[in-house]
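A short worksheet on the structure shown next.
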Amino acid sequence: MRDEREGEQHFARRVGDDAIRFERTLAAPPERVWRALTTPEDVAVWLGQLATIEPRVGGRYVVTFDDDDRMNGTIVEIETNRRLVLTWREDPDESLVTFELARTQNGGTTLVLTHRRVRAGEQTIGLGAGWHTHLDALEAWLVDAAPLDRAAAYASLRPMYVARFA
């Protein structure tokens, strides 16, 4: 079970006027986390139910979520095992997601996720609770923990994000 301080650290924080940022320390090396971000079968486990990824600049990054919503993205920047930047299009909005990876001293990974071009209010709340849920699912999957019930996790996190960002 997480202590209060660790739990607080897992929440998104606002960065500037139009971005939210998460920072997680993961118990897997950057190479493994990279595969989790760029391999369709891995992405389908923690982020959506189906993914199409072309890991190159200009390549597609498409995720179909459990509720059949779809995110259509394009890879803008890619630096293997270190940095992935992609557009994030869920009609009618287009935003920008950056994943940055760094090896920790114990061989794990610090993952920083920054989602830019995010409107204050409902969009920040939804993306905050959504990314929080997905990162919790990624973290659990990387250590072979029981799969996270993403719908239940999102439902419990959303009111906390309303309190933070409404």
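Assorted remarks:
- Positions within segment 99-122 being touching a Lys or Arg at 6+ places or on another chain (Cβ under 7 Å) and of a type in the set (S, T, N, Q), in sequence order: 109, 114
- Checking residue 45 against (1) assigned to a loop (DSSP other than H, G, I, E, B); (2) within 13 Å of residue 134 (Cβ to Cβ); (3) among the β-branched types (Val, Ile, Thr), the condition it does not meet: (1)
- Filter result for residue 56 (in a helix (DSSP H, G or I), out of contact with any Asp or Glu (no Cβ under 6 Å at 6 or more places or on another chain), under 28 Å from residue 104 (Cα atoms) and in contact (Cβ under 8 Å) with a residue 12 or more places away in the chain): no
- Answer from 148, 157 - the residue that is in contact with a His (Cβ under 8 Å, 6 or more places away or on another chain) and either touching a residue at least 12 places away in the same chain (Cβ under 8 Å) or at positive phi (or both): 157
- Filter result for residue 66 (loosely packed, with under 13 Cβ neighbours inside 10 Å, on the phi < 0 side of the Ramachandran plot and in contact (Cβ under 8 Å) with a residue 12 or more places away in the chain): yes
- The residue that is nearest to the chain's Cα centre (by Cα), among those in segment 7-34 that are assigned to a helix (DSSP H, G or I), surrounded by 15 or more Cβ atoms within 10 Å (Cβ to Cβ) and not β-branched (Val, Ile, Thr), is 34.
- The single condition from (1) among the β-branched types (Val, Ile, Thr); (2) assigned to a strand (DSSP E or B); (3) at pLDDT below 95 that residue 74 fails is (3).
- Counting only residues that are part of a loop (DSSP other than H, G, I, E, B) and either at pLDDT below 95 or crowded, with 16+ Cβ neighbours inside 10 Å (or both), segment 77-102 holds 3 of them.
- All positions within segment 59-71 that are among the aromatic types (Phe, Trp, Tyr) and in a loop (DSSP other than H, G, I, E, B): 65
- On inspection, residue 118 fails the criterion of being surrounded by fewer than 19 Cβ atoms within 10 Å (Cβ to Cβ), within 28 Å of residue 82 (Cβ to Cβ), touching a residue at least 60 places away in the same chain (Cβ under 8 Å) and of a type in the set (A, V, I, L, M).
- Pairs with Cβ under 9 Å, 6+ apart, first in segment 86-99 and within 8 Å of residue 71 (Cα to Cα), second buried (at least 17 other Cβ atoms within 10 Å of the Cβ) and aromatic (Phe, Trp, Tyr): 88/61
- Some residue of segment 105-112 being over 20 Å from residue 8 (Cβ atoms), surrounded by fewer than 18 Cβ atoms within 10 Å (Cβ to Cβ) and either in contact with an Asp or Glu (Cβ under 9 Å, 6 or more places away or on another chain) or free of Cβ contacts under 8 Å to residues at least 12 places away in the same chain (or both): yes
- Extreme residue, surrounded by the fewest Cβ atoms within 10 Å (Cβ to Cβ), among residues of segment 132-166 that are within 21 Å of residue 112 (Cα to Cα) and among the β-branched types (Val, Ile, Thr): 143
The values are calculated or read from the model by the stated rules, or taken from the named source; none is laboratory data. In this text the structure is predicted, and so the values were computed from the model without any measurement. Counting neighbours? That spans all protein chains shown, and the Cβs are built from the backbone with ideal geometry, glycine included.
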